[in-house]
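Let me begin by presenting the structure, written as structure tokens, before commenting on it.
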Amino acid sequence: MTSAQTAVTDYAIARAQDEAFWQAIAARYDIEPGPINFEHGYFGRMSREVLKTYEQHLAYVNRSNAVYVRQRFDTEDSETIRADLASLLEVRPQEVALTRCASESLQSLIRNYNALQPGDQVLISDLDYNSVQSAMRWLAKSRGVEVIEITHKHPASYDSLLAAYRDAFAGHPRLKLMALTHVTHRTGLVMPVQAIASAATEHGVDIILDGAHALGQLDFKLSDLDVAFAGFNLQKWMGAPLSLGFIYVKQDRISAIDPDMGDTRYAPDDILGLAPYGTPNIPALMTLPKVFAEHREIGGSAVKGARLAYLRDLWVREARNMDGIEVLTPDDPRLYCGITSFRFQGHADQPLMTRRLLDEHGIFAVPRVGSACGPCIRITPGFITSADDVARLTHALRSLA
Ligand SMILES: Cc1ncc(COP(=O)(O)O)c(C=O)c1O
């Protein structure tokens, strides 16, 4: 780490613990009264200011209609917004195309990846997102490839995750393409993307990275990850209006992805051709500069991520010592973020226990299945979560365990 990076980390860690600062951030959001929300993983709230900006753009686009959209938005303003996104990501504007969500972005990349021949192999794991797994399995039918499915060891470690991919590369010489999830929605486990990408490159395997949960809560530089293809959304940890995502393709790899469904509006090397056709949510797109400004003003992903990880540590530290609770997500700081899953060991039915958390303790969370490590309950704090909310959670866990 450089000294500048260490200074950013120290600042972020100090900020993360500053309850008064986060109380002021929480006051920027309107909150419906109800249970304590530990399911901020679905989508983020817009701040009052972002919502106001969105509503203003909605009213303006509704008033001005195609006269504004055709003459200004389509020609100039959409490009300014794309450049703003590129600047946030520290990539070239030609490397990003806005879409309607992460699934749309990832499905376009998977569907249009043109380097597969019948008999090639593609790879997914038990921790990938369902719609990504099914899109990769669909390649078997549409391209005649074989789908290799691996399951990760539990508990996972940095070495076990890397070894699982290394073994898969060594054991399947016809592997050409793999999905990789930066932060899995099942347990919040963070993949060592850079190390896996470096091993993949050695074996000539391309990665399509699912960054749905990474952007805004993990402090990373996209170009440092060494992946050529990625899909993201903007509604989770960036706090943008619903209905926005984007595709990233490293500039020198654009020829590996065909324009979506043969879209001929753009040159074949223009990433805009990868965004599935359709009228987008224009007022939501127009709100993005405000969203990015607010994100930067709070301290960016470094501060937001440090806060979420700090709140996670508060409950996990207690829960690790509770009889009857198994925390599934490892404590290696390289492998976790704000999202962490656990299970009640003495109770077989995790959905029932999720219901009891809500009914008996006013804690809202979601059960998760699908990973090889078994059913669990996912806890996801947000930017309105306080240390007191976490104390309510640990009390609930102790009494239900
Ligand atoms: C890991 C992961 N990938 C992809 C998605 C899909 O994102 P979107 O709803 O933007 O399509 C999600 C949504 O929760 C997710 O958690």
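Only the coordinates and a few stated rules stand behind these numbers; no lab work does. Quick caveat: nothing in here was measured; it's all calculated off a predicted structure. All Cβ positions, glycine included, derive from the backbone under ideal geometry; neighbour counts span all protein chains shown.
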For segment 34-124, which GluC sites (Glu not before Pro) pass both filters: DSSP loop (anything but H, G, I, E, B) and at most 15 other C-beta atoms within 10 Å? 90
For a quick check, take a GNM of the chain with Cα springs below 10 Å and name the residue from 236, 221, 250 with the largest mean-square fluctuation. 221
Take the alpha carbon gyration tensor of the chain, find the square roots of its eigenvalues, order them as a ≥ b ≥ c, and report rounded if a/c is under 1.5; if not, report prolate when a/b exceeds b/c, else oblate. oblate
Report the chymotrypsin sites (Phe, Trp or Tyr not before Pro) located in segment 245-315 that are in a DSSP loop and have at most 16 other Cβ atoms inside 10 Å of their Cβ, or state none. 266, 277
Quickly estimate the mean residue ellipticity at 222 nm for the chain, helices only: each DSSP H run with n ≥ 4 gives -39500 (n - 2.57), and the total goes over all residues, rounded to 500. -13500 deg cm²/dmol
Starting at the first residue of segment 366-374, write each ³J(HN,Hα) from the Karplus equation 6.51 cos²θ - 1.76 cosθ + 1.60 with θ = phi - 60°, in whole Hz, x for Gly and Pro. 10, x, 9, 10, x, 7, 4, 7, x
Report, please, the projected area of segment 30-155 averaged over directions, based on the convex hull of its C-alpha atoms, in nm². 12.9 nm²
Length gain on complete extension for the stretch residue 130 to residue 4, per 0.36 nm per residue less the alpha carbon to alpha carbon distance? 41.5 nm
If I build a Gaussian network model for the chain, linking alpha-carbon pairs within less than 10 angstrom, which residue out of 362, 262, 239 has the largest mean-square fluctuation? 262
Whole-number percent relative contact order across segment 93-280, with pairs defined as alpha carbons under 8 Å at least 6 apart: 30 percent
Percent relative contact order for segment 171-275, counting Cα pairs under 8 Å at least six residues apart, stands at 19 percent
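Want the number for residue 334 to residue 170: 0.36 nm per residue separation, take away the alpha-carbon distance, what's left? If you can, show how the numbers build up before the last one.
Working: separation 164, 0.36 × 164 = 59.04 nm, distance 2.48 nm.
Gain on extension, residue 334 to residue 170, equals 56.6 nm.
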Of 320, 312, 137, the most mobile residue in a GNM of the chain (C-alpha springs, cutoff 10 Å) is 320
Using modelled amide H (1.01 Å from N, peptide plane; none on Pro or chain starts), what sits under 5 Å from the amide H of residue 39, excluding residues fewer than 5 places away? 380
Residue by residue, what Karplus-based ³J(HN,Hα) values in Hz, rounded to whole numbers, does segment 224-233 have, using 6.51, -1.76 and 1.60 with θ = phi - 60° and x for Gly and Pro? 6, 6, 6, 10, 8, 9, 7, x, 9, 10
Value of relative contact order over the chain, rounded to a whole percent, pairs C-alpha under 8 Å and six or more apart: 24 percent
Using modelled backbone amide H atoms (1.01 Å from N, in-plane), which distant-in-sequence or interchain residues come within less than 5 Å of residue 148's amide H? 122, 123, 124
Would you pull out the residues with amide H under 5 Å of residue 329's amide H, same chain only if 5 or more places away, H placed 1.01 Å from N? 341
